[in-house]
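To keep things clear, I will list the structure first and then write my remarks on it.
The values are calculated or read from the model by the stated rules, or taken from the named source; none is laboratory data. Quick caveat: nothing in here was measured; it's all calculated off a predicted structure. Ideal geometry is used to build each Cβ from the backbone, glycine not excepted, and the neighbour counts take in all protein chains shown. The area values use the complete protein model at the heavy-atom level, side chains included, leaving out ligands, DNA and RNA. Shrake-Rupley method; radii C 1.70, N 1.55, O 1.52, S 1.80 Å.
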Amino acid sequence: MKKSVIFIVEGFTDKDALENILKKIYKCNKEIVFIITSGDITTNSCTTLDNICEKIYEFVLNKMKEYKLKKPNVWQIVHIFDMDGAYVDDSLIKLSSESKFVYTETDIFCSDVNRVVSRNNQKRTIMDKLLIQKDIKGISYKCYYFSCNLDHALYNKLNLTKDEKSDYAHEFTNFFSGRENLFINFLESDVVNGVPDSYIKSWEYIKNSPHSLERHTNLHLFFKDNPIL
C-alpha cells in the first residue's frame, strides 16, 4: 500500500492548482491527499500557540477518517503557507483608502495599519512555533511557503478576485497536464528567485524583510527531499 502525503492549503483554488500535478508526479509511490483550511489558520482569531497543533491535527484526523487511513499509512503532513508579507518591517504597512488589503512587492496597503501589524505579529508567532514542530501527534510535519501567496508565486499575479483565482488555477493545472514533471523545473527557474537550497536557510531568507512580499517559494525543496521514483 502506498503511503499517503497530506497537503494542507488555505483555499479550494490552491488545491485546484496543485492537486492533479502532485498526484501525477507521485502516482507510482505516494497517495496525495489535500486538506483545505478555508483561510489562514495562523491568523484565525481562535488560533493560539497552545492550540495550533491540535487544530491542525483535527483537520488531519477528519481527513484520515474520510480516507480510512491509520497513522502508519500517513508518511507526512506538508503544510503550505501563503506568506502575505508576514515578516516585513512595520514601516512597509501603509495607510490606504482601500477596504481590502492590497499587496505589492514592496508594501502592504490597508485601511487599518494596526490591524495588519497585529495580524503579522500573530502569524509570525504561530509560524515560528510550527517551524520547530517535527511532527503533529506522531506524524511527520513540515512547512513550505509561497510568497507573497500562491497566486503571486505560480501566476505572478497579485490581488486577484475569487473568480480570477479560479480561472488561473484551472489554466495552470491544464498547462502542466501531461507534463507534470516540468512543474519542478518551473518552480526552480521562475519562482525560487534566490531562496537557498537549504530548508532552514530558506526560512531564514523569507523572514528577512521585504522577502515575504516578493515572489518566492521553497516548495522545490520538497521534491529534492522526495525524488520521483
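Regarding the stretch 210-223, can at least one residue be identified that is free of Cβ contacts under 8 Å to residues at least 60 places away in the same chain, closer than 19 Å to I80 by Cβ, open to solvent by 50 Å² or more (accessible area, probe 1.4 Å) and out of contact with any Ser or Thr (no Cβ under 7 Å at 6 or more places or on another chain)? Looking through the stretch 210-223, none of the residues is free of Cβ contacts under 8 Å to residues at least 60 places away in the same chain, closer than 19 Å to I80 by Cβ, open to solvent by 50 Å² or more (accessible area, probe 1.4 Å) and out of contact with any Ser or Thr (no Cβ under 7 Å at 6 or more places or on another chain). Does L229 meet the test of being surrounded by fewer than 14 Cβ atoms within 10 Å (Cβ to Cβ) and modelled with pLDDT under 95? The answer is yes for L229.
For the stretch 15-38, the condition holds for at least one residue, the condition being that it is among the hydroxyl-bearing types (S, T, Y), surrounded by fewer than 19 Cβ atoms within 10 Å (Cβ to Cβ), in contact with a strand residue (DSSP E or B) (Cβ under 7 Å, 6 or more places away or on another chain) and under 20 Å from D135 (Cα atoms).
Give the residues of the stretch 173-209 that are closer than 25 Å to K23 by Cα, part of a helix (DSSP H, G or I) and open to solvent by 70 Å² or more (accessible area, probe 1.4 Å), sorted by residue number. Residues satisfying the conditions are N174, F175, L182, N185, E188, S189.
Can you say whether F109 is open to solvent by less than 40 Å² (accessible area, probe 1.4 Å) and either at positive phi or at pLDDT 95 or above (or both), as far as the supplied structure shows? Even if it seems obvious, please write down each step before you answer.
Values: open to solvent by less than 40 Å² (accessible area, probe 1.4 Å): no; either at positive phi or at pLDDT 95 or above (or both): yes.
Spelling it out, it is not the case that F109 is open to solvent by less than 40 Å² (accessible area, probe 1.4 Å) and either at positive phi or at pLDDT 95 or above (or both).
In this structure, F101 does not qualify as open to solvent by 20 Å² or more (accessible area, probe 1.4 Å) and over 17 Å from S147 (Cβ atoms).
Within the stretch 72-98, being open to solvent by 70 Å² or more (accessible area, probe 1.4 Å) and not small (G, A, S) holds for P72, W75, D89, D90, K94, L95, E98.
Looking across the stretch 1-18 at every residue that is touching a residue at least 40 places away in the same chain (Cβ under 8 Å) and of a type in the set (D, E, K, R), the one that is nearest to V74 (Cα to Cα) is identified as K3.
Does at least one position in the stretch 36-43 carry a residue that is under 18 Å from K142 (Cα atoms), in contact with a helix residue (DSSP H, G or I) (Cβ under 8 Å, 6 or more places away or on another chain) and either of a type in the set (F, W, Y) or not in a loop (DSSP other than H, G, I, E, B) (or both)?
Of all residues in the stretch 36-43, those under 18 Å from K142 (Cα atoms) come to 36-37, 40-42.
Keeping just the survivors that are in contact with a helix residue (DSSP H, G or I) (Cβ under 8 Å, 6 or more places away or on another chain) gives 36-37, 40-42.
Filter once more, keeping what is either of a type in the set (F, W, Y) or not in a loop (DSSP other than H, G, I, E, B) (or both): 36.
Looking for residues that are under 18 Å from K142 (Cα atoms), in contact with a helix residue (DSSP H, G or I) (Cβ under 8 Å, 6 or more places away or on another chain) and either of a type in the set (F, W, Y) or not in a loop (DSSP other than H, G, I, E, B) (or both), one finds at least one in the stretch 36-43, hence yes.
In the stretch 172-196, the residues that are free of Cβ contacts under 8 Å to residues at least 60 places away in the same chain and under 21 Å from K207 (Cβ atoms) reach residues that are open to solvent by 70 Å² or more (accessible area, probe 1.4 Å) and part of a helix (DSSP H, G or I) with C-beta atoms within less than 9 angstrom, at least six apart or across chains, in these pairs: V195/K201; P196/E204.
Exactly one residue out of E171, E180, E188, E214 is touching a His at 6+ places or on another chain (Cβ under 7 Å) and among the acidic types (D, E), and it is E188. Restricting attention to the stretch 112-166 and to residues that are among the hydroxyl-bearing types (S, T, Y) and in contact with a strand residue (DSSP E or B) (Cβ under 7 Å, 6 or more places away or on another chain), the residue that is surrounded by the fewest Cβ atoms within 10 Å (Cβ to Cβ) turns out to be S140. List pairs: first in the stretch 85-100 and in contact (Cβ under 8 Å) with a residue 24 or more places away in the chain, second open to solvent by 80 Å² or more (accessible area, probe 1.4 Å) and of a type outside the set (S, T, Y), Cβ under 8 Å, 6+ apart or cross-chain? Close Cβ pairs satisfying both conditions: Y87/N208.
Would the stretch 39-49 turn up any residue that is over 19 Å from N149 (Cα atoms) and touching a strand residue (DSSP E or B) at 6+ places or on another chain (Cβ under 7 Å)? Write out each step before concluding.
Taking the stretch 39-49 as the starting set, the residues that turn out to be over 19 Å from N149 (Cα atoms) are 45-49.
Cutting the leftovers down to touching a strand residue (DSSP E or B) at 6+ places or on another chain (Cβ under 7 Å) gives us none.
No, that holds for no residue.
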